[in-house]
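The values are calculated or read from the model by the stated rules, or taken from the named source; none is laboratory data. Keep in mind that this is a model prediction, so the values were computed, not measured. Each accessible area value is taken on the protein alone, full model and side chains, heavy atoms only, with ligands, DNA and RNA left out. Shrake-Rupley method; radii C 1.70, N 1.55, O 1.52, S 1.80 Å.
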Amino acid sequence: MLEGMSLPWIVHKFGGTSVGNSDRYRGVVEILRSERERSPGDRTAVVVSAMKGTTDALIDSVEGARRQDPAYTGIFSEVKRRHREAIAELGIESILPGIEKDFGELEEILRGVWLARSASDRIVELVSGFGEIWSARILSGTLSALGFPARSLDAREILVVDSNGKRVSVLWEDSQSKWDSFLGESGLGDREILVVTGFVAST
């Protein structure tokens, strides 16, 4: 477990079903609101998965592009539609430009996969991890819009792993060093909710 600062941390984990649409994100906010009322002195971190079905859809997009199956564009379009819809319903359009930038970059990657008829494991991992990134931004944006100070953290900036095929081991010393640096430099407030991506890390 990573350690940091003197105040204790309460850490929540919400899977894809828990953040499957705008109503589910609002439900998560209510859980966090209740927890904050019960434990006002603790720091809060929230680890979130991608919206339900997003990771599989992103992987299917890569595989479809690799096979040169035109249906991959429809799969990716549905991913974009669901995220845009949730953002609009939650009233957090301010986060949309950054996510639209990601959409554009992923479309270029998928087009490259189509042309090469090939996708390395690294490409699949890169593309499939974006669902968690978007989910963390959506939840932190929703919390902020409702008056809770919050920010998102891409775990790739902190969590360092050693990957050997399908086995992944956390490099705790390197990760702790990055975590300490983040806490020292981020200006994270004691009452600020930290929303962290699940699933992704850096080698």
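Only helices at least 20 Å long along their own axis, judged from Cα atoms, and with Kyte-Doolittle mean hydropathy of 0.0 or greater: name those in the chain from DSSP H.
96-116, 130-145
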Fill in: At 1.002 mPa s and 20 °C, Stokes diffusion of the chain via Kirkwood alpha-carbon radius, µm² per second
120
Worksheet item: Per the helix-only calculation at 222 nm, which mean residue ellipticity applies to the chain, given -39500 (n - 2.57) for every DSSP H run of n ≥ 4 and division by its residues, nearest 500 deg cm²/dmol?
Response: -17500 deg cm²/dmol
Discussion item. So, taking all protein chains as they sit and a 1.4 Å probe, how much accessible area belongs to R36, in Å² rounded to tens?
Written reply: 30
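Over segment 1-109, what number does the Rg to Rh ratio reach, with both radii from the alpha-carbon atoms and Rh per Kirkwood? Before the final figure, lay out each step's value.
Details: Rg = 17.4 Å, Rh = 16.1 Å.
When Rh is taken as the Kirkwood radius, the ratio is 1.08.
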Practice prompt. Give the Rg/Rh ratio for segment 146-191, taking Rg as the radius of gyration of the Cα atoms and Rh as the Kirkwood radius, to two decimals.
Written response: 1.11
Worksheet item: Per 10 Å bin, what percent of the C-alpha pairs of segment 122-170 does each bin hold, from zero upward?
Response: 22, 41, 25, 11, 1
Discussion item. Going by amide H atoms built from the backbone, whose H comes under 5 Å of the H on V195, apart from near neighbours?
Written reply: V46, R151, S152, L153
Worksheet item: Considering only protein heavy atoms and a 1.4 Å probe, what is the carbon-and-sulfur percentage of the accessible area of the chain?
Response: 50
Worksheet item: For segment 85-202, rounded, prolate or oblate, judged on the Cα gyration tensor with a ≥ b ≥ c (square roots of eigenvalues), a/c < 1.5 rounded, else prolate if a/b > b/c?
Response: oblate
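Give me the accessible area per residue for segment 1-153, probe 1.4 Å, as a whole number in Å². Write down the numbers at each step before the final one.
On the way: 7520 Å² over 153 residues.
The answer is 49 Å² per residue.
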Worksheet item: Once the whole set of protein chains is in place, how much accessible area is left on D23, using a 1.4 Å probe, in Å² to the nearest 10?
Response: 110
